[in-house]
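Report on the following structure.
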Amino acid sequence: MKVQHLSKIIHNKEILKDIEFEVETGNIIGIVGRNGAGKTTLLRTMAGILSPTKGDVLVEDKSIFEQHKLKEQILFVPDSSEALKNYSTKEILKLYKAIYPNFDTDYFHALMGKFALPQVSKIGTYSKGMKALFSIIIAFATKAHYILLDEPTDGLDVIVKKQVLQLLVEEVADKERSVIISSHRLDELEFMANDIIMIKDGRVDTHYELDALKSQYIKAQVVFEADMPDELHEHVTIVAQTGRVYTILLDRQNEVASNAIHSHSPLLFEELSLSLEDIFVAKLGGESDV
Ligand SMILES: Nc1ncnc2c1ncn2[C@@H]1O[C@H](COP(=O)(O)OP(=O)(O)OP(=O)(O)O)[C@@H](O)[C@H]1O
């Protein structure tokens, strides 16, 4: 799937601005960004629910807005299943089977059994987590090639969440499917995603292959005889400070920063393992809530 120069204007406001990236099959892509950055609008446009003001979404090098049948390969799971609440699980099953020609009914029942989800006459009677789970089960049973999930783990308890995350990883393992997830949960994404696309004010701020991103930064604990020398503040991001113990982030390529630190002969300089959340602190200037 190719997202090409995608722009979307709603009520004179440019929500998406020239967004471009490619989704390879067998990958999990994490879309992250602060509230209102444009993640949901992007997913809805990629699913063909919203039409772009400019740009295109291509599957098999053809526009999904010109060849509507291609939309059968894409499935969008919204962060709320309100629209389903008055239907029974059987009715929803029937609806999806009609829309998605490759819908796998056996797989649907197998997943319902695996997650011990009962069939109900009104989806509204499910708990919040059960609704989220049901939407995910339906999504994977469609056998669509591109599954777009908006905040999929909202409302799931820890045990179900782990099972769902495991399911996502298994689903892409055969390289037939890609999963694109919008999430605030960086800690979850970092164990699954191959790529992270950070959206800021409707633009792709950064698009990183996760392993490359992690190797770009160093997280370290550093202690000097006194407070951290002033000149170092411009070179490093301080993540935490307890007394004279500073936890810092610095760019691995930035030799000036590294030389500056060592020229002040730190009493301790110890590299720590880096999380995705740390990187967002570095990139968004202390705003870890993306
Ligand atoms: N139908 C609409 N009419 C007017 N403005 C809209 C509409 N849909 C989205 N927007 C605006 O577009 C911007 C991006 O919204 P969007 O829901 O895509 O962000 P998001 O990154 O998914 O946010 P969140 O993390 O809070 O879910 C927001 O400023 C929102 O108010």
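So the check is Cβ under 9 Å with 6+ separation or different chains; which pairs have a first residue in the stretch 36-60 that's assigned to a helix (DSSP H, G or I) and a second one that's more than 8 Å from the ligand (Cβ to nearest atom) and of a type in the set (S, T, N, Q)?
K39/S183; T45/S51
For E24, work out the one condition from (1) surrounded by 13 or more Cβ atoms within 10 Å (Cβ to Cβ); (2) more than 13 Å from the ligand (Cβ to nearest atom); (3) of a type outside the set (V, I, T) it doesn't fulfil.
(1)
Here are S63, S88, S81: which of them is in the same structural domain as I147 (by the TED database) and either free of Cβ contacts under 8 Å to residues at least 24 places away in the same chain or among the hydrophobic types (A, V, I, L, M, F, W, C) (or both)? Steps first, answer last, please.
Working: S88 fails: either free of Cβ contacts under 8 Å to residues at least 24 places away in the same chain or among the hydrophobic types (A, V, I, L, M, F, W, C) (or both); S81 fails: either free of Cβ contacts under 8 Å to residues at least 24 places away in the same chain or among the hydrophobic types (A, V, I, L, M, F, W, C) (or both).
Sole residue among the options that is in the same structural domain as I147 (by the TED database) and either free of Cβ contacts under 8 Å to residues at least 24 places away in the same chain or among the hydrophobic types (A, V, I, L, M, F, W, C) (or both): S63.
Here's the yes/no breakdown for (1) surrounded by fewer than 14 Cβ atoms within 10 Å (Cβ to Cβ); (2) assigned by the TED database to the domain that holds D150; (3) assigned to a loop (DSSP other than H, G, I, E, B):
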| site | (1), (2), (3) |
| --- | --- |
| E188 | no, yes, no |
| F191 | yes, yes, no |
| I197 | no, yes, no |
| H207 | no, no, no |
| V222 | no, no, no |
| M228 | no, no, yes |
| Y246 | no, no, no |
| H262 | yes, no, no |
| E270 | yes, no, no |
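Taking the conditions exactly as written (within 16 Å of the ligand (Cβ to nearest atom), surrounded by fewer than 16 Cβ atoms within 10 Å (Cβ to Cβ) and either at pLDDT 95 or above or assigned to a strand (DSSP E or B) (or both)), does S7 satisfy them or not? Even if it seems obvious, please write down each step before you answer.
Working: within 16 Å of the ligand (Cβ to nearest atom): yes; surrounded by fewer than 16 Cβ atoms within 10 Å (Cβ to Cβ): no; either at pLDDT 95 or above or assigned to a strand (DSSP E or B) (or both): yes.
For S7, the condition - within 16 Å of the ligand (Cβ to nearest atom), surrounded by fewer than 16 Cβ atoms within 10 Å (Cβ to Cβ) and either at pLDDT 95 or above or assigned to a strand (DSSP E or B) (or both) - is not met.
Determine which member of the set T125, T153 is surrounded by fewer than 19 Cβ atoms within 10 Å (Cβ to Cβ) and hydroxyl-bearing (S, T, Y).
Details: T153 fails: surrounded by fewer than 19 Cβ atoms within 10 Å (Cβ to Cβ).
After ruling out the rest, the residue left standing is T125.
Does any residue in the stretch 193-213 that is without any contact (Cβ under 8 Å) to a residue 24 or more places away in the chain come within less than 9 Å, Cβ to Cβ, of a residue that is within 13 Å of the ligand (Cβ to nearest atom) six or more places away or on a different chain, and which pairs are these?
Y208/I197; Y208/M198
Yes or no, residue by residue, for (1) closer than 18 Å to Y217 by Cβ; (2) without any contact (Cβ under 8 Å) to a residue 24 or more places away in the chain; (3) of a type outside the set (V, I, T):
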residue	(1), (2), (3)
T242	no, yes, no
L250	yes, no, yes
V256	yes, yes, no
S263	no, yes, yes
E270	yes, no, yes
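The values are calculated or read from the model by the stated rules, or taken from the named source; none is laboratory data. Values in this document were obtained by computation on a predicted structure and should not be read as measured data. We place every Cβ from the backbone using ideal geometry, glycine too, and count neighbours over all the protein chains shown.
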